[in-house]
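To start, the structure under review is shown below, and the notes come after it.
No value in this document is a laboratory result; all are computed from the given coordinates. Worth saying up front: this structure is predicted, and the values here are computed from it rather than measured. Every residue, glycine as well, gets a Cβ built from its backbone with ideal geometry; the counts of neighbours run over all protein chains shown.
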Amino acid sequence: MIAAEITGRSCIGSELNPQYVDVGILRWQNFTGQKAVLEATGQTYDETKAGFPRSQSRIAQTWRSRPMANHRHKPTPEQRALVESLAGIGVTHKQICAIMRLGADTLIKYYTDELVLGDAKATAKVAQSLFQ
C-alpha cells in the first residue's frame, strides 16, 4: 500500500491473516497521516476496529483512502542531476526510487540517461585514477 501511495498508483491487496491486514492499514495511516475508510459503511478503520471481534475476518472488506493521483511525472533539471549523482556513487535503483519517491518503471522511463551516465562517469573516474 505504501509503495502504491509513493508512486501515485492504485493498490489491490489481499491477506489471509486479519492481523496482517491490521498492520498494513496502521502502517499506511502512520505513513500518510490519513485515516483509512471502510468503503461499504464510511466508517474509519479505528471506528470499525472497536466493533469487530477478533474471530471476525476483515478480508472481504474494501478499504479506501483518498483518490489516487493520476499525473504524469515531469523531471526537473535538479532531479536529473540528483539521479545522475546517486547512480554515480553506487546507490541502487531501488534506493534511488525511495529517495526520489518514484516507482522503478518511472525511474527507468524518465531517468535512463542519468542512470547510465552517472555509472559511466564514476567508472571513468575510477579508471582514470588507477592509470595515473
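Size of the dipole of region 77-130 about the Cα centre, Lys and Arg at +1 and Asp and Glu at -1 on the beta carbon, nothing else charged, in debye to 20?
100 debye
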* Determine the sum of side-chain charges near residue 121: Lys and Arg each +1, Asp and Glu each -1, restricted to other residues whose C-beta is under 14 angstrom from that of residue 121. => -2
* Would you list, by chain and number, the aspartates and glutamates whose Cα falls below 12 Å from the Cα of residue 94, excluding same-chain residues fewer than 8 positions away? => 105
* Residues of type aspartates and glutamates that residue 35 reaches as a straight line, Cα spacing below 14 Å, ignoring anything fewer than 8 places off in the same chain -> 5, 22, 46, 47
